[in-house]
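Taking it in order: structure first as structure tokens, then the write-up.
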Amino acid sequence: MAKRVLFACDLDSQIFGALPLADAFETAGWTVSFALHAPGALPPGVLSRITNRFEVHDAWIGPLAVSDLAFSADAIGVFATGSRIARFRYDNELAWRVRGGRRPALFCGFNGLVFERFEEGLAWRLGYDVLCLNGPRDEDAFRDFAGGTAFADQPIATVGLRRRRDVTAAAPRDAGSPKTFLFAEQVAAPSDPEHRERLAATLARLATASPDWRVVVRPRVQPGERTFHDQTLHMETLLKRLPARPSNLIISYEPLESLLDGADLFATISSTALFDALDHGVTCCVLLDFGVRNAYGSHVLFGSGLGVDLSRLATLDDAPRRAPDAGWLDRIGYGATHSPQALLARIAQTDITAPPPPQLQTGERALIGASARVSRTEDEALARDRATVEAALAAGDGPAARAALARLGATLTASDTRHDVDSAWRRREGAVAALARKAGFYWLYKRLRRITLGAAPR
């Protein structure tokens, strides 16, 4: 019977991080499924990529950790925000101690490159059976962080950044057809409204100056869709504001892979779509129009040697055609020796009848990290339910432990339900809510909103 791996994801960006690993498991003969947190809120294109290939469960990540679905899997990959990853690890081990027998092997990782707060991300992930890293750059940072601690032996696997292993050169373009410049937009790079306006103006100028090129902008999300970062000014809005938008400047929401198939030149500030473009053999540029800024992630891609200031190009024909630095590629994780096979090998070595590695962010610490999305009342309820399970286990009272675990599952469900309601409200909030947040009275705003408009948005 084929082994089963379950990927638990809460945002579209996390799905992108999980998909290359899912492909590797499927190739190795595993049955792959996804547990998606509120799949109806995902961009349709992203959701279809999953549903067309894999079994999909509509499951909140909190209660999933203690559910029968989790314990029917041989391995679970958790791709979510840091505090959720830590809470899943803690609650899943707690449930295993109540249930006994075998447990799923747990692994986690990062969605593409990590530009800042990498050590904090590692801290949330310590305690998994396997912690996936991208390449030697991450390995060195991990050793610097944990090497002298009790967590130095945390199992890791360097899985790389390649989405495809069959890297091929781009197909030749038909003679006389326009060349295509594909720009991968990001919701938070740049985040400054003035910078975003400058970027739109630069793309429009280059399109006007390059009539034999199609300038295709691929926004990260459509207007109103959610992802990990909040959208400031959507590129579609910015292009509509242009006094004269050239006809060869196009917005497209086609799948990135389809757009790359016809691209002659690709550019981004810091999107990991860069590696998809390399997979397709497309010439790449890294925008340095706003300098090297940690907040935009451009400091990580700077060493690639692909930096270009678009504002200084007269036309797109002037864009340099460079290959990325080979040493940088290997160190970042795009080298041929880094692959998900390292994860599969680690999973095969995991003893699923023994406890997982020691965890740093346990119980209360995980709740502290989730304070932005979990109320104080829920903090107390979750802490109380976990303590009740622990007390029953310490007393050797199996029935009481199972009953307490069921209550914990119900509390986790209630917590995730409230979080989804709050997220739905936040996507509709305006200036009054923003002012309440800034002034520290958001709690009062929410209470008045609930009284006047009800618990959930209509």
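The values are calculated or read from the model by the stated rules, or taken from the named source; none is laboratory data. It should be emphasised that the depicted structure is a prediction, and the values quoted were computed from it without experimental measurement. All Cβ positions, even for glycine, are placed from backbone atoms using ideal geometry, and neighbour counts span all protein chains on display.
The table below lists the values:
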{"quantity": "Condition met for ASP385 (in contact with a Ser or Thr (Cβ under 9 Å, 6 or more places away or on another chain) and at pLDDT 70 or above)", "calculated": "yes"}
{"quantity": "ALA75 being buried (at least 22 other Cβ atoms within 10 Å of the Cβ) and either in contact with a Ser or Thr (Cβ under 6 Å, 6 or more places away or on another chain) or closer than 24 Å to ALA387 by Cα (or both)", "calculated": "no"}
{"quantity": "Residue in region 250-259 that is of a type in the set (S, T, N, Q), on the phi < 0 side of the Ramachandran plot and surrounded by fewer than 18 Cβ atoms within 10 Å (Cβ to Cβ) present", "calculated": "yes"}
{"quantity": "Criterion: over 20 Å from PHE34 (Cα atoms), part of a loop (DSSP other than H, G, I, E, B) and of a type in the set (Phe, Trp, Tyr) - qualifying residue of PHE145, PHE151", "calculated": "PHE151"}
{"quantity": "Residue ID - farthest from ALA336 (Cα to Cα), chosen from residues in region 119-153 that are acidic (Asp, Glu), in contact (Cβ under 8 Å) with a residue 24 or more places away in the chain and surrounded by fewer than 20 Cβ atoms within 10 Å (Cβ to Cβ)", "calculated": "GLU120"}
{"quantity": "Exclusive hit being at pLDDT 95 or above and touching a Pro at 6+ places or on another chain (Cβ under 7 Å), set LEU233, LEU265, LEU306, LEU316", "calculated": "LEU306"}
{"quantity": "Elements of type strands (runs of 3 or more DSSP E) in region 1-58, at least 3 residues being surrounded by fewer than 19 Cβ atoms within 10 Å (Cβ to Cβ)", "calculated": "55-58"}
{"quantity": "Evaluation of LEU113 against (1) part of a loop (DSSP other than H, G, I, E, B); (2) within 23 Å of ALA383 (Cα to Cα) (one fails), failing number", "calculated": "(2)"}
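Listed here are the residues, each with its yes/no results for (1) in a helix (DSSP H, G or I); (2) of a type in the set (A, V, I, L, M, F, W, C); (3) touching a residue at least 40 places away in the same chain (Cβ under 8 Å); (4) crowded, with 18+ Cβ neighbours inside 10 Å.
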{"residue": "GLY303", "(1), (2), (3), (4)": "yes, no, no, no"}
{"residue": "TYR334", "(1), (2), (3), (4)": "no, no, yes, yes"}
{"residue": "ALA345", "(1), (2), (3), (4)": "yes, yes, yes, no"}
{"residue": "ALA348", "(1), (2), (3), (4)": "yes, yes, no, no"}
{"residue": "THR353", "(1), (2), (3), (4)": "no, no, yes, no"}
{"residue": "PRO358", "(1), (2), (3), (4)": "no, no, yes, no"}
